[in-house]
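The values are calculated or read from the model by the stated rules, or taken from the named source; none is laboratory data. These numbers come from a predicted model, not from an experiment. Note: ideal-geometry Cβ built from the backbone for every residue, glycine included; neighbour counts use all protein chains shown. Surface areas here come from the heavy atoms of the whole protein model, side chains and all, with no ligands, DNA or RNA. Shrake-Rupley method; radii C 1.70, N 1.55, O 1.52, S 1.80 Å.
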Amino acid sequence: MMDGIKKIIPPLIKKIIKQQIFLISKFFIVIKLVIRNPKNYFNLTKEEKRLFAEPWYNDFSDLGIKTQQQDKKDKLNQNCKQKIIFGLIGQALDIAGKDSFGLDLFCANGFYANYSVRQGAVRIDALDLNEYEISKAKLITKLLGNSEKINFLVKDVFESAGPYDFAICTGGLYHISNPDRLLVDLRQKVKKALIIQTVYSLANEDKNYFETPAPGWTWGCRFSHKFLLNMVESAGWNIIHSEVNVLRGNHKPQSQGSAYLLCVPK
């Protein structure tokens, strides 16, 4: 019995310490926001203040506002993805024009939509089915002063209107069972450039590997890198830039590969 207690206590202590560190960090983040932009903070509703203090998927520090990530996995993965995706957005805007109208699919908390308008896009439709993430996206966009430029919608990614000059599709293809259909749909709605970031499997490199639902999930899909490239090309896109890396926050091979593509219509 004592051995069992000894095994339980250290993890409990570790969990408590982690929670306390997070609470302290959250407190200082809120204080910094108040000091740097008191007008914005005190104009927030009570619910918005509570929402801001919660953990975020993205850290918005590079856009001007620190947000607290509770999960180390999210921080590691953002570090792997952000620089590359920022670069692809810059290239896409060079192709589409700085005064372009964009679409952000699977937008989550609006991180890349806000970066896009900061880089010159005049308007963005941003879609996600997660109402909680959309509420966060609207809040951070308000704090960044971009609310007039980004239209957040709780919608399925197949329900975008179009036409758009460019589109961002990050972290989404592997969350649906029919990514090929989405790529064909986007080919009809996006005129100049498409940015894709997606997980792919390092466990199976076969060019024909595609599995739905994803391993260990009851939804989504997994595919090899070669399958992804063929799927994108078959949907009517030319890939003009391609990169890969490993997501250090993910521990299973089928979720570690990360592909980054910049595409233009054929």
Note on ILE124: of the conditions (1) farther than 22 Å from THR45 by Cα; (2) touching a residue at least 60 places away in the same chain (Cβ under 8 Å); (3) open to solvent by less than 30 Å² (accessible area, probe 1.4 Å), unmet is (2)
Scanning the stretch 72-105 for residues that are under 23 Å from SER258 (Cα atoms), open to solvent by 50 Å² or more (accessible area, probe 1.4 Å) and touching a residue at least 24 places away in the same chain (Cβ under 8 Å) gives LYS72, LYS73, LYS75, ASN79, GLN91
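For the stretch 51-64, which residues satisfy the criterion of being open to solvent by 70 Å² or more (accessible area, probe 1.4 Å) and either at pLDDT below 90 or hydroxyl-bearing (Ser, Thr, Tyr) (or both)?
At the first step, the residues of the stretch 51-64 found to be open to solvent by 70 Å² or more (accessible area, probe 1.4 Å) are 57, 62.
Scanning the stretch 51-64 gives a single hit, TYR57.
For the stretch 252-263, check the following and say yes or no: at least one residue is of a type in the set (Ser, Thr, Tyr) and open to solvent by 60 Å² or more (accessible area, probe 1.4 Å). Let's see the steps before the verdict.
Filtering the stretch 252-263 down to residues of a type in the set (Ser, Thr, Tyr) leaves 255, 258, 260.
Checking the rest, the ones that are also open to solvent by 60 Å² or more (accessible area, probe 1.4 Å) come to none.
The answer is no, given that none of the residues of the stretch 252-263 is of a type in the set (Ser, Thr, Tyr) and open to solvent by 60 Å² or more (accessible area, probe 1.4 Å).
In the stretch 231-248, how many are among the aromatic types (Phe, Trp, Tyr) and loosely packed, with under 15 Cβ neighbours inside 10 Å? Steps first, please.
Here is the first cut: in the stretch 231-248, the residues among the aromatic types (Phe, Trp, Tyr) are 237.
Still in the list and also loosely packed, with under 15 Cβ neighbours inside 10 Å: none.
Counting residues in the stretch 231-248 that are among the aromatic types (Phe, Trp, Tyr) and loosely packed, with under 15 Cβ neighbours inside 10 Å gives 0.
Being more than 21 Å from GLN91 (Cα to Cα) and touching a residue at least 24 places away in the same chain (Cβ under 8 Å) is the filter here, so list the residues in the stretch 236-257 that pass it. Show your work before the answer.
Restricting attention to the stretch 236-257, the residues satisfying the condition of being more than 21 Å from GLN91 (Cα to Cα) are 246-257.
Those that are more than 21 Å from GLN91 (Cα to Cα) and touching a residue at least 24 places away in the same chain (Cβ under 8 Å): VAL246, LEU247, ARG248, GLY249, ASN250, LYS252, PRO253, GLN254, SER255, GLN256, GLY257.
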Take LEU228 and tell me if it is assigned to a loop (DSSP other than H, G, I, E, B), on the phi < 0 side of the Ramachandran plot and touching a strand residue (DSSP E or B) at 6+ places or on another chain (Cβ under 6 Å). no
Yes or no: the stretch 183-196 includes at least one residue that is open to solvent by less than 40 Å² (accessible area, probe 1.4 Å), closer than 25 Å to TYR57 by Cα, in contact (Cβ under 8 Å) with a residue 40 or more places away in the chain and not aliphatic (A, V, I, L, M). no
Of (1) in contact with a Lys or Arg (Cβ under 7 Å, 6 or more places away or on another chain); (2) open to solvent by 10 Å² or more (accessible area, probe 1.4 Å), LEU144 fails just (1)
Looking at the stretch 212-219, can you tell me whether even one residue there is in contact with a His (Cβ under 8 Å, 6 or more places away or on another chain), over 30 Å from ASP99 (Cβ atoms) and not in a strand (DSSP E or B)? yes
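Can you name the residue in the stretch 157-169 that is assigned to a strand (DSSP E or B) and farther than 22 Å from TYR132 by Cβ and is also most open to solvent (accessible area, probe 1.4 Å) among such residues? Please lay out each step first, then the result.
Pass one, the stretch 157-169, residues assigned to a strand (DSSP E or B): 164-169.
With the extra rule that they be farther than 22 Å from TYR132 by Cβ, the set shrinks to 164-167.
Numbers: TYR164: 2, ASP165: 23, PHE166: 1, ALA167: 0 Å².
The qualifying residue most open to solvent (accessible area, probe 1.4 Å) is ASP165.
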Which residues, taken from the stretch 170-202, are part of a helix (DSSP H, G or I) and either at pLDDT below 95 or hydrophobic (A, V, I, L, M, F, W, C) (or both)? LEU173, LEU182, LEU183, VAL184, LEU186
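Kindly indicate whether GLU205 is open to solvent by less than 70 Å² (accessible area, probe 1.4 Å), acidic (Asp, Glu) and either free of Cβ contacts under 8 Å to residues at least 24 places away in the same chain or assigned to a helix (DSSP H, G or I) (or both).
Numbers: open to solvent by less than 70 Å² (accessible area, probe 1.4 Å): no; acidic (Asp, Glu): yes; either free of Cβ contacts under 8 Å to residues at least 24 places away in the same chain or assigned to a helix (DSSP H, G or I) (or both): yes.
No.
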